[in-house]
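Below you'll find the structure, written out as structure tokens, and then a few comments.
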Amino acid sequence: MAETVRGLLVIFTGDGKGKTTAALGTVFRALGHGFKCRIIQFIKGTLDTGELHSAAAFGQALEIIRVGEGFTWDRSVPRAKHEEAAKGGLQIAADSLESGEWRVVVLDEILYALGEKLVALEDIKSIIRKKPADVHLILTGRGAPPELIELADMVSEIRAVKHPFEKGIPAQKGLDF
């Protein structure tokens, strides 16, 4: 089978758990093919997640950049600081796409940042327009708007069916973070 190189715009959205996990799985697969990958996390803040520890094993092939100040409902961080961090993340995303260094760029929880009005829809569209033809760009988060769904090559909606949080079970290390 002849290989056709085409970078796709992929969206993982929905109210279920697993959007970031789906993006990480795609990154893991891409790394196996020798692709350099960059993940820009817009919300995670200082949360100690497993992907940060795993990234070190891939050396310079995988970079995770945290730009978010944490969850916006945490009122200890002023909204202006969240907005500034998100705008900085958009600039890193634009630079990543324009650099030619990365074959996969993930904007993790960018759709949450959009929903919280930390970034504008037009800013995300501008980032998408900067995507080189051979780069896969992945957006994650709840509430993907129709305009982005229309632009995407692939959209997967992750639906919540059952979650341990409903039984009072907190997020579990190694599974949820």
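No lab work stands behind these numbers, since they all come straight from the coordinates. These numbers were taken from a predicted model, which means no experiment stands behind them. When we count neighbours, we look across all protein chains shown, and the Cβ atoms used for this are built from the backbone with ideal geometry, even at glycine.
Key figures
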{"item": "Descending principal axes extents, the range 1-94, alpha-carbon based, whole Å", "result": "54, 28, 27"}
{"item": "For the chain, built as a Gaussian network whose Cα springs stay under 10 Å, the top-fluctuating residue of 46, 20, 140", "result": "46"}
{"item": "For the range 88-177, the fraction of alpha-carbon pairs in successive 10 Å shells from zero, as %", "result": "14, 42, 28, 14, 2"}
{"item": "Neighbourhood charge, 14 Å Cβ-Cβ cut-off, centred on residue 57 and excluding it, Lys, Arg +1 and Asp, Glu -1", "result": "-2"}
{"item": "Computed magnitude of the charge dipole of the chain (debye, nearest 20; Cβ of K, R +1, Cβ of D, E -1)", "result": "280 debye"}
{"item": "Rg over Rh, two decimals, the chain (C-alpha only, Kirkwood Rh)", "result": "0.95"}
{"item": "Overall Cα dimensions of the range 108-152, principal axis frame, Å, largest first", "result": "30, 19, 16"}
{"item": "Inter-label distance, nm, simple model (7 Å from Cα along the C-beta direction), residue 54/residue 129", "result": "3.5 nm"}
{"item": "Chymotrypsin sites (Phe, Trp or Tyr not before Pro) within the range 1-57: DSSP coil, no more than 12 neighbouring Cβ in 10 Å", "result": "none"}
{"item": "Most positive-pole-ward Cα, 58, 80, 47, against dipole of the chain from beta carbon charges", "result": "47"}
{"item": "Residue among 17, 117, 167 with the largest mean-square fluctuation in a Gaussian network model of the chain, springs linking Cα atoms under 10 Å", "result": "167"}
{"item": "Residue-count net charge about residue 103 - beta-carbon cut-off 10 Å; Lys, Arg +1, Asp, Glu -1", "result": "0"}
